[in-house]
1. So Gln247 fits all but one of (1) closer than 22 Å to Phe178 by Cβ; (2) assigned to a helix (DSSP H, G or I); (3) open to solvent by less than 70 Å² (accessible area, probe 1.4 Å); what number is the exception?
2. From the set of residues in segment 294-307 that are exposed (fewer than 15 other Cβ atoms within 10 Å of the Cβ) and not hydroxyl-bearing (Ser, Thr, Tyr), which is farthest from Asp30 (Cα to Cα)?
3. Would you confirm, using the coordinates I've provided, whether Pro170 is touching a residue at least 40 places away in the same chain (Cβ under 8 Å) and either in contact with a helix residue (DSSP H, G or I) (Cβ under 6 Å, 6 or more places away or on another chain) or surrounded by fewer than 23 Cβ atoms within 10 Å (Cβ to Cβ) (or both)?
4. Do we have any residue at all in segment 133-153 that's in a loop (DSSP other than H, G, I, E, B) and closer than 22 Å to Gly243 by Cα?
5. All but one of (1) more than 28 Å from Val96 (Cα to Cα); (2) open to solvent by 10 Å² or more (accessible area, probe 1.4 Å); (3) among the aliphatic types (A, V, I, L, M) hold for Ile182, so report the exception by its number.
6. So for segment 64-76 (the condition being in contact (Cβ under 8 Å) with a residue 60 or more places away in the chain and in a loop (DSSP other than H, G, I, E, B)), does at least one residue qualify?
7. Could you tell me which of the residues Val181, Val159, Val150 is within 21 Å of Ile232 (Cβ to Cβ) and not charged (D, E, K, R)?
Amino acid sequence: MKKCMTAAAALTLLAATACGSGDSPSAEDDTITLGFSQVGAESGWRTANTESVQQAAEDAGIDLQFSDAQQKQENQIRAIRSFVQQNVDVIAFSPVVETGWDAVLLEAQRADIPVILTDRAIDSEDDTLYETFLGSDFVEEGRKAGEWLVDNAEGETNVVELQGTTGAAPAIDRKEGFEEVIADHPDIEVIATQTGDFTRSGGKEVMEAFLRSHDDIDVVYAHNDDMGLGAIEAIRAAGMEPGEDIQIITVDAVQAGMEALAEGDINFIVECNPLLGDQLMELVEQVVADEEVPKRIEVEETTFTQEEAQAALPDRKY
């Protein structure tokens with residue numbers, strides 16, 4: 001028994017030395033290695049975000065170790081642990097859900113590997129587990145959606161809500177912001193809400209169910225464009241005209257969503273900018289250089305009506 005304990009202790013010491021030295025495997029040539037764990041490829045927004053990160057890393061000469069979590073938290077945790085074992089210089093990730101990260105981020109902290117949150121934040125009482133957050137104010141996005149509805153609703157208005165992935169920061173916050181604004185307007189009521197998991201197929205399936213159980217839907221509030229596009233398919237299949245018989249509000253402003261808005265199938269889009277790559281690489285370089293960075297960095301975003309989408313589309317980058 002004593003021999004086994006001694007061997008185990010030696011292995012533990014060896015692992016701690018390997019992971020906690022703070023020396024990057026790329027230290028000899030000064031190339032920064034970034035381990036990046038992406039949520040998945042569930043939407044047009046996510047695809048644009050991935051391409052932005054990959055291109056920016058290439059432009060900055062940063063060695064990007066990329067992992068696709070396929071929308072599963074366990075895959076992201078496994079990827080982060082792999083990055084720790086590889087002793088990368090920085091870890092960045094967009095969390096699938098808000099909670100359940102403390103243990104694995106503590107492992108990164110003990111290995112002296114800084115962590116940057118991108119796009120989505122985490123719910124943790126220990127903000128020393130990450131250096132900074134780069135992304136959007138999802139609550140404000142929900143507020144903007146609610147404000148447009150309040151300004152454009154006529155009389156009693158029944159809303160169905162297509163939520164994002166359960167437990168994900170944008171799903172929680174976009175719902176919160178929207179409800180905050182409509183709370184003072186009793187004529188506007190959310191009569192059904194369900195997750196479409198941020199996918200077009202999920203949005204279509206949930207909207208089909210809503211249409212079967214409700215014949216009085218006035219507005220769809222979708223937490224992203226892809227679910228809104230799925231809802232359009234369901235509404236058309238039910239013999240109604242999207243944008244007219246049922247108004248549609250979405251968040252993101254990706255190419256397909258903007259085209260639907262320009263054509264009148266969607267009525268209003270709140271922008272969520274996916275092009276975070278350049279800012280992320282700047283932060284990576286600053287963190288590696290041990291420079292102080294703000295704890296939260298929010299990207300600038302706007303909103304689009306039909307006319308604004310028509311004007312913006314020719315020069316749109318995503």
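The values are calculated or read from the model by the stated rules, or taken from the named source; none is laboratory data. Everything numeric in this text was worked out from a predicted model, so none of it was measured. Note that we place each Cβ from the backbone using ideal geometry, even for glycine, and neighbour counts take in every protein chain shown. To get the accessible areas, we keep the full protein, side chains included, count just its heavy atoms, and leave off ligands, DNA and RNA. Shrake-Rupley method; radii C 1.70, N 1.55, O 1.52, S 1.80 Å.
1. (2)
2. Glu307
3. yes
4. Yes.
5. (1)
6. Yes; the residues of segment 64-76 include at least one that is in contact (Cβ under 8 Å) with a residue 60 or more places away in the chain and in a loop (DSSP other than H, G, I, E, B).
7. Selected residue: Val159, the only one of Val181, Val159, Val150 that is within 21 Å of Ile232 (Cβ to Cβ) and not charged (D, E, K, R).
Quick grid of which residues meet (1) open to solvent by less than 30 Å² (accessible area, probe 1.4 Å); (2) touching a strand residue (DSSP E or B) at 6+ places or on another chain (Cβ under 8 Å):
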| position | (1), (2) |
| --- | --- |
| Gln109 | no, yes |
| Ile113 | yes, yes |
| Asp137 | no, yes |
| Trp148 | no, yes |
| Glu176 | no, no |
| Pro186 | no, no |
